[in-house]
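Input: a single structure, listed below in structure tokens.
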Amino acid sequence: MNPEQPPMEAHRRRRTRPPIRKRPGKQPTPPSPPPPAELNPSQPPIPQTTSPLFTLLPPEIRNTIYAYTLESAPSATSIRYHRQAFYYRPGFQSPKRISTSLLQTCQQIYNEASLLPASLNEHTFWCHRPPPHVQNPSSPFDYFQRMTPRQRGAVRDLHFFTQQYFLEGNWGNVWKSIRDYEDQLRAVAQNPDSQSQHSTADGKTENETLGILAPKTVTITLRHSDWWFWEHNEPMGIDPFQPGRILARDMGRASSPDRRAWGNQFTLVPSLETLILEFETVMRKRDQMDRIVEIARGWRFPLVPEEGVFLVADEEWEGWGKGYRWIGVREGALNGRRLRLEVEGAGEDEENDGNRGVPRLLPLGGDQREGERVEIDPATEGEYYVVFLRWKKVKVDA
């Protein structure tokens, strides 16, 4: 060994390990923000003694004007959804807007009409695959938390576009989160040390003071692409009173109801007066849909079962089970396309649609009016079958 040669250890590179980075601990869930405060003007209202709107028109006419102005509508400047998007359908071909400029005119108009945007319009949720611009698409809790108590208490109509797996697995959680939040509001209001403005001592209802959500109508839509394994042409099956997925061959079989099933969760919405189910599929599955309609006649949804209050099929309603059709992209375009959640320019979209224009629901059979019969291009388009079912609130004799 050469004595001048340094030992081998001196030539070795020491292997150094990178410093271990500690994962940050789970952040605590931030507390719910306080509900928005009601608007309290700093100046008294100016009497509108010379305005024809108030001196000549009765309140009924003014309310009609307010309703026409404050109803949501497609914005003239908005861009249209791509026709292949899952959320493109009759009534939903572009973003909608509510013009609230009228409410900024004067305090008297605001006092008379400020709650109309909440009470007149349908509040729509997407569970899941929403339009890209929608905030809190599948969380009514987050959506309504941003409203003032009076706005929340004025809400009447809700609409849920929900995939079947979400309806059968998460419907109860949607309402439980809302009711838990309302219990928190009640606890704050009943606390004698609380400075809350939501006291019920003046005789007002909880809807007015706390903003308890009490909708009158709920619409649930299952589109063709929402059914279990629609992309594999799976037969459709649904049972509101059994948890989880139901096969088509098991529908209508006698079984004991399960309290976890989505059809038993309407007890969390005792204010409900009308339930509407909108079911859609492709035209070749029309027979399957018609079978579901027949079975649905026997569905009875509990509202306040201890008092004998249920939602029962409103077969006297002229729209019960009535079939409609509309023309969209062919099923393969929905099945094979990569999901694109951006919206397209109106001009480009119209060009790609072959100048088809706004999609419309057309009645089947002899109810079609002249000019409503639409031919389809099977290379690019498909025909969809839609039915509407309605249940009404009834006190059932024991």
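When segment 251-282 is filtered for residues that are closer than 21 Å to HIS224 by Cβ and more than 25 Å from the chain's Cα centre (by Cα), only MET251 remains. Taken over segment 183-210, residues that are at pLDDT 85 or above and in contact with an Asp or Glu (Cβ under 8 Å, 6 or more places away or on another chain) amount to 2. Just to be sure I understand the filter: pairs with C-beta atoms under 7 Å, separated by 6 or more residues or on different chains, first member in segment 323-340 and under 22 Å from ARG291 (Cα atoms) and surrounded by 13 or more Cβ atoms within 10 Å (Cβ to Cβ), second member among the charged types (D, E, K, R) and modelled with pLDDT of 85 or more. Which pairs pass? From residues that are under 22 Å from ARG291 (Cα atoms) and surrounded by 13 or more Cβ atoms within 10 Å (Cβ to Cβ), the pairs are ARG325/GLU383; TRP326/ARG360.
Would you check which residues across segment 204-251 are touching a His at 6+ places or on another chain (Cβ under 9 Å), of a type in the set (A, V, I, L, M, F, W, C) and in a helix (DSSP H, G or I) and list them? Hit for segment 204-251 is TRP230, nothing else. Residues in segment 32-82 that are under 30 Å from VAL188 (Cβ atoms) and under 24 Å from the mean Cα position of the chain (by Cα): SER32, PRO33, PRO34, PRO35, PRO36.
The numbered conditions (1) at pLDDT 95 or above; (2) under 30 Å from GLY244 (Cβ atoms); (3) surrounded by 18 or more Cβ atoms within 10 Å (Cβ to Cβ); (4) over 12 Å from the mean Cα position of the chain (by Cα) are all true for TYR88 except (1). Condition test on PRO44, is it out of contact with any strand residue (DSSP E or B) (no Cβ under 8 Å at 6 or more places or on another chain) and modelled with pLDDT under 95? The answer is yes for PRO44.
One residue is enough: does segment 289-300 have a residue meeting the conditions assigned to a strand (DSSP E or B) and either at pLDDT 95 or above or charged (D, E, K, R) (or both)? So far as segment 289-300 goes, yes, one or more of its residues are assigned to a strand (DSSP E or B) and either at pLDDT 95 or above or charged (D, E, K, R) (or both). Consider SER177 carefully, then state whether it is of a type in the set (Ser, Thr, Tyr) and farther than 24 Å from GLU71 by Cα. When the stated conditions are applied, SER177 passes them.
Identify, from the list ILE98, ILE109, the residue that is within 22 Å of ARG156 (Cβ to Cβ) and surrounded by fewer than 18 Cβ atoms within 10 Å (Cβ to Cβ). So the residue among ILE98, ILE109 that is within 22 Å of ARG156 (Cβ to Cβ) and surrounded by fewer than 18 Cβ atoms within 10 Å (Cβ to Cβ) is ILE98.
Among the helices (runs of 4 or more DSSP H) contained in segment 110-197, which hold 1 or more residues that are of a type outside the set (Phe, Trp, Tyr) and under 22 Å from GLY263 (Cα atoms)?
140-145, 164-190
Scanning segment 47-82 for residues that are surrounded by 13 or more Cβ atoms within 10 Å (Cβ to Cβ), under 30 Å from PRO95 (Cα atoms), modelled with pLDDT of 95 or more and among the aliphatic types (A, V, I, L, M) yields ILE65, ALA67, LEU70. Does ALA118 fit the bill of being modelled with pLDDT of 90 or more, more than 30 Å from TRP326 (Cβ to Cβ) and buried (at least 16 other Cβ atoms within 10 Å of the Cβ)? Criteria not met by ALA118. Of the residues examined, ASP226 is not one that is at pLDDT below 95 and not aromatic (Phe, Trp, Tyr). The single residue among GLY382, GLY366, GLY354 that is at pLDDT 55 or above and surrounded by 11 or more Cβ atoms within 10 Å (Cβ to Cβ) turns out to be GLY382. Going residue by residue through segment 21-33, is there one that turns out to be in contact with a His (Cβ under 9 Å, 6 or more places away or on another chain), at pLDDT below 75, closer than 30 Å to GLU182 by Cβ and surrounded by 10 or more Cβ atoms within 10 Å (Cβ to Cβ)? No: zero hits.
The values are calculated or read from the model by the stated rules, or taken from the named source; none is laboratory data. All values reported here derive from a predicted model rather than from experimental measurement. Because the Cβ atoms are built from the backbone with ideal geometry, glycine has one as well, and the counts that use them run over all protein chains shown.
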